Amino acid sequence: MLELLAATKNAGKIKELKESLLNLHICFRDLNEFPNVIEVEETGGTFTENAVLKAQSYALQTKLWALADDSGLEVEALGGAPGVFSARYAGENATNEEKIIKLLQELNKTREERNARFVCAIAISDEKGEIRFLANGVCAGKIALTPSGTNGFGYDPIFIPDGFEQTFGELSSKTKQKISHRARAIKKIIRYLRDFIASSLDQTAFRL
Ligand code: IMP
């Protein structure tokens, strides 16, 4: 069975990844099991650069295949902010509530459109730090006037995906799993992982 490190400590992301890849024969590990790993600084200028940095570094540190996701919210009227700074938008240790309040305050200053999109980049590295696969996904929507709902994490209570009237915080996790930026990126990696697992099994059978 392929052992794959979900290179994150974010419980929301770990849950979404595991649920989406449930049918593949993968033994998931996550960063909470490795308290001594050195945290990777997200110094990249794009989601893809940060996903690659994280996948490579955590794979080399744990000697496992690693899947890293870098994601965030881009708000049109804020010139794409918070973007790659989504996790730190209201300071290093700010809560989700504080990030949401800051974003709504900034957006209210502009009195402009509320168009936004979630973006997700995923990188898979082998245990030697070689990037094996890259994928990305986007989910377009609007920023709500006020937060609603307690499902999901991060900016979910203020994001209304296109085609819906409720926020990700109100919609079920099943619905989010179908249309989210992460779900769309994951769909692309499922085929890659399936093929990889099948070819590994073939090779094992051959060796036997
Ligand atoms: P990072 O990818 O760990 O750098 O963090 C990205 C940040 O973007 C998270 O801490 C959340 O604040 C936000 N974010 C990413 N994906 C989602 C999502 O699916 N829902 C809500 N917020 C998200």
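Output yes when any residue across segment 179-189 is among the basic types (Lys, Arg), surrounded by fewer than 16 Cβ atoms within 10 Å (Cβ to Cβ) and without any contact (Cβ under 8 Å) to a residue 12 or more places away in the chain, and no when none is. Checked against the condition, which is being among the basic types (Lys, Arg), surrounded by fewer than 16 Cβ atoms within 10 Å (Cβ to Cβ) and without any contact (Cβ under 8 Å) to a residue 12 or more places away in the chain, segment 179-189 yields no hits at all. Scan segment 142-164 residue by residue and report those that are open to solvent by 20 Å² or more (accessible area, probe 1.4 Å) and among the β-branched types (Val, Ile, Thr). Within segment 142-164, Thr146, Thr150, Ile160 qualify. The residue list Gly79, Gly91, Gly83 contains one member that is at positive phi and under 14 Å from the mean Cα position of the chain (by Cα), which is Gly83.
Scan segment 84-110 for residues that are surrounded by fewer than 22 Cβ atoms within 10 Å (Cβ to Cβ) and more than 9 Å from the ligand (Cβ to nearest atom) and the total you get is 17. Regarding segment 99-114, can at least one residue be identified that is under 20 Å from the mean Cα position of the chain (by Cα) and either at positive phi or among the small types (Gly, Ala, Ser) (or both)? The answer is no, given that none of the residues of segment 99-114 is under 20 Å from the mean Cα position of the chain (by Cα) and either at positive phi or among the small types (Gly, Ala, Ser) (or both). Restricting segment 111-123 to residues that are more than 12 Å from the ligand (Cβ to nearest atom) and open to solvent by 60 Å² or more (accessible area, probe 1.4 Å) leaves a set whose member that is farthest from Ala66 (Cα to Cα) is Arg111. If you go through segment 1-33 and keep only what is touching a strand residue (DSSP E or B) at 6+ places or on another chain (Cβ under 8 Å) and either among the aromatic types (Phe, Trp, Tyr) or within 17 Å of Asn50 (Cβ to Cβ) (or both), you end up with Leu5, Ala6, Ala7, Thr8, Lys9, Lys13, Leu17, Phe28, Leu31.
Tell me, which residue of segment 32-56 that is open to solvent by less than 60 Å² (accessible area, probe 1.4 Å), under 23 Å from Thr95 (Cβ atoms) and touching a helix residue (DSSP H, G or I) at 6+ places or on another chain (Cβ under 7 Å) is farthest from the ligand (Cβ to nearest atom)? Checked segment 32-56; the qualifying residue farthest from the ligand (Cβ to nearest atom) is Val40. When segment 37-75 is filtered for residues that are without any contact (Cβ under 8 Å) to a residue 40 or more places away in the chain, part of a loop (DSSP other than H, G, I, E, B) and either out of contact with any Ser or Thr (no Cβ under 6 Å at 6 or more places or on another chain) or within 19 Å of Lys188 (Cα to Cα) (or both), the ones remaining, listed by number, are Val37, Ile38, Glu39, Glu41, Thr43, Gly45.
Number of residues in segment 1-31 that are in contact (Cβ under 8 Å) with a residue 24 or more places away in the chain, within 12 Å of the ligand (Cβ to nearest atom) and part of a loop (DSSP other than H, G, I, E, B) equals 3.
Tallying residues that are among the small types (Gly, Ala, Ser) and buried (at least 21 other Cβ atoms within 10 Å of the Cβ) within segment 165-178 yields 1. The residues of segment 158-170 that are of a type outside the set (Asp, Glu) and away from the ligand (no atom under 11 Å from the Cβ), listed by number, are Ile160, Gly163, Phe164, Gln166.
Per the conditions (1) acidic (Asp, Glu); (2) under 25 Å from Ile190 (Cβ atoms); (3) open to solvent by 80 Å² or more (accessible area, probe 1.4 Å), the sole criterion not satisfied by Asp126 is (3).
The values are calculated or read from the model by the stated rules, or taken from the named source; none is laboratory data. None of the values given here were measured: they were computed from a predicted structure. Note: ideal-geometry Cβ built from the backbone for every residue, glycine included; neighbour counts use all protein chains shown. Keep in mind that these areas ignore ligands, DNA and RNA; they rest on the heavy atoms of the full protein, side chains included. Shrake-Rupley method; radii C 1.70, N 1.55, O 1.52, S 1.80 Å.
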